[in-house]
Structures are given as C-alpha cells and as structure tokens.
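Here's the structure, in structure tokens; my notes come after.
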Amino acid sequence: MLVLTGILLGMVLIVMVGEEVQEMQLAGWLATTEIALPIPDWIGLWFAIFPNVEGITAQILAVLFVLGSYFVAQYMRSWRPRKQAQLNHGI
C-alpha cells in the first residue's frame, strides 16, 4: 500500500511541475522551445506532459531530485553504518 502511495505521489509531482511550467510559459516568464514529439493532447491534459524542452526537463529534474534524495537517505540510514561496522570489526 505504501509503495502504491509513493507511486501516486510521484505522479502528482510530475503533474504539478508540468502544470507550473506551462503556467509560467503562458504568463511569458519562461520560454517555450517546442520538441517534435508525437505526444497526444490527452497526455497533456491528464499528466501535464507537453512537447517542450522546459517542461520535460523540469519534470525529469524533479524526479531525479526525489530519487536522488531517496538513495542518499538509504545510504545514510543503512549502507554507511553497515560499512562503518565492517571497518570497525575488521571484516
């Protein structure tokens, strides 16, 4: 159940970042560099994934930030103490 919740939160992150980039582009605060990708209109409507460099880049960076923070937390919580324990015990 928690894994499904995490996946849904990840999807919400992608949608929110895509919507925010689109709003900033519509307001003229961000440039729009179109990409020739055949993304259907319903994908933009439901998932806020639009064929432009700025939106897709922001969404990818947001996902990489979340995944990176997860792996850093895993390292700090379990991998690093395990390595230190092995070094301290001479294994």
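Determine whether ASN52 is without any contact (Cβ under 8 Å) to a residue 60 or more places away in the chain, surrounded by fewer than 10 Cβ atoms within 10 Å (Cβ to Cβ) and not small (Gly, Ala, Ser). So ASN52 does not fit the description; no. Among residues of the stretch 1-38 being farther than 12 Å from ALA62 by Cβ and among the small types (Gly, Ala, Ser), the one that is surrounded by the fewest Cβ atoms within 10 Å (Cβ to Cβ) is ALA36. For the stretch 70-77, does any single residue satisfy the condition of being modelled with pLDDT under 95, closer than 19 Å to LEU13 by Cα, polar (S, T, N, Q) and surrounded by 10 or more Cβ atoms within 10 Å (Cβ to Cβ)? Within the stretch 70-77, none of the residues are modelled with pLDDT under 95, closer than 19 Å to LEU13 by Cα, polar (S, T, N, Q) and surrounded by 10 or more Cβ atoms within 10 Å (Cβ to Cβ). Within the stretch 1-22, residues that are among the charged types (D, E, K, R) reach partners that are not in a helix (DSSP H, G or I) with beta carbons closer than 6 Å, at six or more positions or on different chains, in the pairs GLU19/ALA48.
Return the residues of the stretch 1-43 that are over 19 Å from VAL66 (Cβ atoms) and of a type outside the set (A, V, I, L, M, F, W, C); say none if nothing qualifies. Passing the criteria: GLN22, GLU23, GLN25, GLY28, THR32, THR33, GLU34, PRO38, PRO40, ASP41.
Applying the criterion of at least 2 residues that are within 21 Å of VAL3 (Cβ to Cβ) to the helices (runs of 4 or more DSSP H) found wholly in the stretch 22-91 leaves 53-74.
The values are calculated or read from the model by the stated rules, or taken from the named source; none is laboratory data. Bear in mind the structure is a predicted one, so any value in this text is a computation, not a measurement. Positions of Cβ are backbone-derived with ideal geometry, glycine not excepted, and every protein chain shown enters the neighbour counts.
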